[in-house]
Amino acid sequence: MKQFAFIIIILTTILSCNNTKKVSADAQNSKKVLPYDWSKPKLLKEKMLTALKAKQETEDKIILDYLNEYAKLEDEINEILQSQPNIDNLNTLAYSDKSKVSKDALELEKEVKRNGFKISSSEGMIYVAKNSEFIKSQTIDLLDSTSVEFINLYCDELDLPCCDDAAIMISGEILVKRAYQWGELSKKVEGLRYEQIVKDEYKEYLQLLFIGLDNTPSFDWTTNQFNTKLLKQLQNIIKNYPNSKAAKEFIQFIDLLKNANYAKNESVESYLKSKFELQ
């Protein structure tokens with residue numbers, strides 16, 4: 001009997017050790033790369049979906065409240081990310097040579113994507129950014145056509161940003177298309193919470209087209225001539241969508257350019273300063 005009891009004790013000890021090792025291994029596997037409460041983005045998304053299904057408030061308010069809170073989480077996470085002692089190690093995610101990306105950095109990328117965001121980079125520095133897939137998932141089917149159009153355009157900006165480092169990063173064709181799309185949406189959102197955002201986006205794209213940015217100006221630095229490729233894209237919209245809001249803007253602008261031999265002169269500069277409230 002004593003021998004049997006001894007065997008039981010040994011087996012119990014072994015099982016206990018194995019369980020301890022298992023718990024330890026599980027804890028190690030669930031260790032977060034970034035010390036952040038990752039339940040927040042998921043709970044926020046659930047709150048939005050519940051509100052949409054219950055029709056507690058208007059869609060535009062629910063969506064904008066969600067996007068504003070989601071943006072706050074983005075800022076919150078980035079503040080924590082940039083304060084990490086191993087940030088240089090994590091920034092290896094921005095390397096073009098993926099063989100030099102650290103293990104921690106790869107784990108961070110998975111962790112961030114798993115929890116509703118994505119990793120982006122600029123000038124060799126990584127940051128956490130909004131994830132269009134996370135925003136759209138389960139949401140689109142609950143929205144009316146105007147809200148769907150807004151979310152799709154909003155997410156296009158996330159997936160393919162127009163600008164970075166004082167330069168336009170997308171083609172003239174996409175640039176003009178976005179101006180056209182924001183312009184058409186602006187006709188549908190009067191009185192909605194989206195209204196000011198849509199109007200601001202439309203105006204911003206017009207400015208990108210008519211003026212450009214420091215590193216990608218619409219008028220040539222040397223000759224002051226308007227970009228001929230961009231001009232053709234404007235003319236395509238006029239041809240294909242003559243009654244669109246953007247087309248009417250483009251017609252007015254091109255008429256002004258014609259009188260200036262398609263170059264920036266005092267008349268053109270005065271128009272641009274007035275239209276975009278520039279100094």
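Assorted remarks:
- The single condition from (1) farther than 20 Å from GLU195 by Cα; (2) open to solvent by less than 50 Å² (accessible area, probe 1.4 Å); (3) free of Cβ contacts under 8 Å to residues at least 12 places away in the same chain that LYS100 fails is (2).
- Considering (1) open to solvent by 30 Å² or more (accessible area, probe 1.4 Å); (2) within 16 Å of the chain's Cα centre (by Cα); (3) of a type in the set (Val, Ile, Thr), the lone condition that ILE140 does not fulfil carries the number (2).
- Any hit, region 114-121, residues being more than 26 Å from LEU175 (Cβ to Cβ), open to solvent by less than 40 Å² (accessible area, probe 1.4 Å), under 17 Å from the mean Cα position of the chain (by Cα) and of a type in the set (Phe, Trp, Tyr): yes
- Just one residue in the set LYS188, LYS199 is of a type in the set (D, E, K, R), open to solvent by 40 Å² or more (accessible area, probe 1.4 Å) and not in a loop (DSSP other than H, G, I, E, B); that residue is LYS199.
- Of everything in region 72-97 that is within 20 Å of ASP37 (Cβ to Cβ) and in contact with a strand residue (DSSP E or B) (Cβ under 7 Å, 6 or more places away or on another chain), the residue that is surrounded by the most Cβ atoms within 10 Å (Cβ to Cβ) is LEU90.
- Look at region 123-136: where a residue is modelled with pLDDT under 95 and a partner is in a loop (DSSP other than H, G, I, E, B), sitting 6+ places away or on another chain with Cβ atoms under 9 Å, you get GLU123/ASP165; GLY124/TYR95.
- Selected residue (only one of ILE119, ILE126, ILE170 is of a type in the set (Val, Ile, Thr), under 30 Å from ASN227 (Cβ atoms) and not in a helix (DSSP H, G or I)): ILE170
- Residue in region 47-55 that is within 27 Å of VAL148 (Cα to Cα), surrounded by fewer than 17 Cβ atoms within 10 Å (Cβ to Cβ) and modelled with pLDDT under 95 present: yes
- The criterion of at least 3 residues that are among the small types (Gly, Ala, Ser) is met by the following helices (runs of 4 or more DSSP H) wholly inside region 220-279: 266-275.
The values are calculated or read from the model by the stated rules, or taken from the named source; none is laboratory data. This structure is a prediction, so every number in the text was calculated from the model and none was measured. Because the Cβ atoms are built from the backbone with ideal geometry, glycine has one as well, and the counts that use them run over all protein chains shown. All accessible areas refer to the heavy atoms of the entire protein, side chains included, with ligands and DNA or RNA removed. Shrake-Rupley method; radii C 1.70, N 1.55, O 1.52, S 1.80 Å.
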